[in-house]
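The values are calculated or read from the model by the stated rules, or taken from the named source; none is laboratory data. In this text the structure is predicted, and so the values were computed from the model without any measurement. Methodologically, a virtual Cβ is constructed for each residue, glycine included, from the backbone with ideal geometry; neighbour enumeration extends over all protein chains shown.
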Amino acid sequence: MKPQLEKKPKTIKTLFTKKINQLTNRQREGLTGYAFISIWLVGFLFLTMIPLIESFIYSLNRITIVGGEGIRLTMVGFANYVTLFTSDLTFLSRLQDFVLEMILFVPVMNILAIMIAILLNRQFRFRGFFRAIFFLPVIITSGPVIAELLRQGAGTIPSIAESGFLDVLEDLLPPFLNAPVQSLFSQIIFMLWFSGVQVVLYLAGLQKLDQSMYEAAQIDGANVWESFWKITLPSLKPMIVVSSIYTIVTLATFANNPIIVWISNVMFNPNFGYGYAAALAWVYFLVIALMLMVTTRLVSPKEASYQVVKELEKFKR
Amino acid sequence: MKTMVHKSNRSFHRLIFGMKFTDGLFYKLILYGLLIVIGFVYLYPLLHMLTYSFKSLQDLLDPTINVLPSSLYLDNYVNAFQVLEYGPLLLQTLTVTLVPAVLQTSVASLIGYGFARFQFPFKKIWFALLLATYMIPPQVTMIPRYVLFFNLGILETVFSIIIPAMFGQGIASAIFVLIFYQFYLMIPKALDEAAQIDGATRWNIYTKVAIPLSLPSYLTAFLFSFVWYWNETYIMRLFLGNGGETLLIRLYNFVSAYNAILGGGNDYANEAIRMAATLLIIAPLVVAYFILQRLFIEGIDRSGITGE
């Protein structure tokens with residue numbers, strides 16, 4: 001009896017090694033690859049994929065919390081979505097403001113970031129020092145800190161508010177653009193604060209540019225202005241795509257974003273509950289996805305898809 | 001006479017505008033002017049915080065005192081320190097920021113290496129999904145995760161923060177995987193082959209060749225990961241609940257905490273005290289940033305040498 005017990009694991013092991021030895025090199029590489037990413041696969045499945053599906057199911061339900069026992073689902077179909085689009089004025093108006101703000105903020109922030117990157121790419125003393133300053137806000141921007149500063153009115157430069165510049169704008173602009181443009185100027189510092197990563201992206205892009213291209217253009221009679229439009233900007237295009245995506249995602253998921261605040265209010269409100277919050281989150285997700293798609297299309301109509309394809313081509317090698 | 005004037009004019013012109021445009025005084029003036037103005041705009045909120053935090057109640061009420069406080073009033077810091085319960089809360093904050101940051105960085109490196117070095121079926125799909133996870137707002141998956149953690153019994157414990165980080169689903173995990181992925185693509189395959197001939201296994205190559213080479217990437221990823229976890233309040237508040245408070249959550253509830261600890265009465269959490277509290281909270285990050293900033297630049301230099 002005893003020797004058999006000892007023998008059994010041995011045969012399994014030899015079988016296993018035999019199986020491994022029978023594999024082709026390519027199969028073995030595939031297995032190793034899967035071993036390396038397995039931890040992500042597990043996490044993706046249980047912490048992202050399944051929750052994503054579940055949250056969609058939640059959004060079709062009315063959810064009540066049963067004391068200490070967890071939650072109870074009651075199927076209501078698309079009722080949550082109907083309520084959302086017909087009677088949730090808070091969400092709809094905040095969503096509208098958010099979309100308008102994005103249309104203004106994303107280009108302005110990217111233009112500012114490109115300008116600062118070009119400035120930092122020059123040769124001058126204390127370059128490291130200035131770079132450290134421009135990047136510093138990335139480290140300290142968080143919901144409560146920003147909220148404290150906004151409450152203090154430290155988010156704007158005092159002279160902008162005092163100069164009456166905003167009143168002039170108010171007269172000139174159509175009403176629906178008023179709120180976003182006002183917030184554009186009153187939040188100019190925060191727009192700069194949120195563009196640290198973008199500056200670094202553009203800086204990296206600029207440093208990769210070949211200087212001889214500019215020399216060649218100069219010989220052909222191009223001035224600084226022309227070489228900016230013909231050389232610098234086109235070669236920064238992939239960076240613009242990446243940086244726009246980064247900007248949208250960061251601003252959309254920032255904890256002080258009015259929509260995010262609304263979603264979390266709704267979640268713990270017994271009149272609405274998890275189900276309704278899930279519906280809000282899904283609509284919000286789709287709006288963001290749509291915005292990302294439109295942005296990539298606008299920045300580089302052909303290149304966007306081409307860039308992705310090229311990135312994926314690398315895998316084939 | 002005329003030629004002399006002309007000559008001095010020319011040398012003046014040369015001083016101001018230089019031989020080439022970029023070495024004249026005029027250019028330098030514009031360049032530094034712009035840098036200083038933009039730098040000031042960047043630093044304005046911080047300077048505002050700093051000057052405000054030293055103002056006493058009298059200074060706040062006195063309309064003649066505008067920017068600078070009349071004296072260095074340190075009580076704000078003492079009060080803020082007390083209300084924030086800085087010592088114990090700092091420790092608590094570090095456990096929910098340092099541990100996930102370290103785990104997230106090491107796991108991201110592992111995953112990035114897997115994607116950069118091996119060919120396997122469905123790789124494209126997995127990679128596309130990995131990038132897509134970055135774009136999903138956390139609000140979508142938060143509620144089911146909340147229920148999942150509740151069922152597992154880890155809600156309101158540190159594990160509800162650590163476990164997503166450990167499986168590469170933490171805050172902006174996709175970005176960190178991407179950082180490592182890009183870096184490992186740059187390491188020449190010849191190094192791997194040399195090690196393989198010497199009898200190293202894939203795992204050996206990863207730990208002995210890839211990790212030492214990618215230390216700068218580790219540093220960058222860790223710094224960002226740490227900062228983003230430190231600054232995160234939304235997920236922390238939801239998942240930690242009563243199980244733990246971080247410094248930033250305390251700042252979020254500062255006024256009620258102030259009333260609870262130092263009592264109401266004439267005393268209230270005025271702006272100066274709140275600014276002092278805010279500064280106390282960002283101080284560790286600023287210090288860490290200025291230390292690591294140098295390391296970071298050195299790291300980039302080093303990787304430039306080894307990157308052939």
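Things worth noting here:
- Note on the stretch B:23-55: residues that are more than 7 Å from chain A (Cβ to nearest Cβ), β-branched (Val, Ile, Thr) and surrounded by 14 or more Cβ atoms within 10 Å (Cβ to Cβ) amount to 1.
- Given (1) hydrophobic (A, V, I, L, M, F, W, C); (2) touching a Leu at 6+ places or on another chain (Cβ under 9 Å); (3) in a helix (DSSP H, G or I), number of the condition A:Val42 does not satisfy: (2)
- Matching residues, the stretch B:259-288, being hydroxyl-bearing (Ser, Thr, Tyr) and at pLDDT below 80: B:Tyr268
- Which listed residue is surrounded by 14 or more Cβ atoms within 10 Å (Cβ to Cβ) and more than 28 Å from the chain's Cα centre (by Cα), from A:Ile39, A:Ile71, A:Ile116: A:Ile71
Rundown of residues vs (1) in contact with a Lys or Arg (Cβ under 9 Å, 6 or more places away or on another chain); (2) surrounded by 14 or more Cβ atoms within 10 Å (Cβ to Cβ); (3) at pLDDT below 85; (4) under 30 Å from A:Val145 (Cβ atoms), yes/no style:
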| site | (1), (2), (3), (4) |
| --- | --- |
| A:Glu170 | no, no, yes, yes |
| A:Val181 | no, yes, yes, yes |
| A:Val197 | no, yes, yes, yes |
| A:Leu201 | no, yes, yes, yes |
| A:Glu215 | no, no, no, no |
| A:Ile231 | no, yes, no, no |
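- Evaluating A:Ile63 against the criteria (1) at pLDDT below 80; (2) buried (at least 18 other Cβ atoms within 10 Å of the Cβ); (3) touching a strand residue (DSSP E or B) at 6+ places or on another chain (Cβ under 7 Å) leaves one unmet condition, (1).
- All helices (runs of 4 or more DSSP H) inside the stretch A:183-255 with 3 or more residues being among the hydroxyl-bearing types (Ser, Thr, Tyr) and in contact with a helix residue (DSSP H, G or I) (Cβ under 7 Å, 6 or more places away or on another chain): A:233-253
- Look at (1) assigned to a helix (DSSP H, G or I); (2) surrounded by fewer than 16 Cβ atoms within 10 Å (Cβ to Cβ); (3) within 14 Å of chain A (Cβ to nearest Cβ) and you find that B:Gln58 fails only one, number (3).
- Contacts under 8 angstrom Cβ, first residue in the stretch A:22-34 being closer than 19 Å to B:Tyr113 by Cα and surrounded by fewer than 16 Cβ atoms within 10 Å (Cβ to Cβ), partner at pLDDT 85 or above and not aromatic (Phe, Trp, Tyr), 6 or more apart: A:Arg26/B:Gln119
- Flag for B:Phe120 being of a type in the set (Phe, Trp, Tyr) and not in a helix (DSSP H, G or I): yes
- Taken together, the residues in the stretch A:263-292 that are hydroxyl-bearing (Ser, Thr, Tyr), farther than 16 Å from B:Ile136 by Cα and buried (at least 21 other Cβ atoms within 10 Å of the Cβ) amount to 2.
- All helices (runs of 4 or more DSSP H) inside the stretch A:67-160 with 2 or more residues being on the phi > 0 side of the Ramachandran plot and modelled with pLDDT of 80 or more: none
- Exclusive hit being over 24 Å from B:Leu248 (Cα atoms) and in contact (Cβ under 8 Å) with a residue 40 or more places away in the chain, set B:Phe183, B:Phe222: B:Phe183
- A:Leu104 more than 18 Å from B:Gly39 (Cβ to Cβ), more than 7 Å from every other protein chain (Cβ to nearest Cβ), under 20 Å from the mean Cα position of the chain (by Cα) and surrounded by fewer than 20 Cβ atoms within 10 Å (Cβ to Cβ): yes
Quick grid of which residues meet (1) in contact with a Lys or Arg (Cβ under 6 Å, 6 or more places away or on another chain); (2) buried (at least 23 other Cβ atoms within 10 Å of the Cβ); (3) more than 11 Å from chain A (Cβ to nearest Cβ):
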{"position": "B:Leu213", "(1), (2), (3)": "no, no, yes"}
{"position": "B:Phe224", "(1), (2), (3)": "no, no, no"}
{"position": "B:Tyr229", "(1), (2), (3)": "no, yes, no"}
{"position": "B:Leu238", "(1), (2), (3)": "no, no, no"}
{"position": "B:Asn242", "(1), (2), (3)": "no, no, yes"}
{"position": "B:Met275", "(1), (2), (3)": "no, yes, no"}
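- Count of residues meeting criterion [in contact (Cβ under 8 Å) with a residue 12 or more places away in the chain and either surrounded by fewer than 18 Cβ atoms within 10 Å (Cβ to Cβ) or within 11 Å of chain A (Cβ to nearest Cβ) (or both)] in the stretch B:93-103: 5
- Looking across the stretch B:111-125, the residues that are without any contact (Cβ under 8 Å) to a residue 60 or more places away in the chain and either in contact with a Cys (Cβ under 7 Å, 6 or more places away or on another chain) or within 7 Å of another protein chain (Cβ to nearest Cβ) (or both) come down to B:Gly114, B:Phe118, B:Gln119, B:Phe120, B:Pro121, B:Lys123, B:Lys124.
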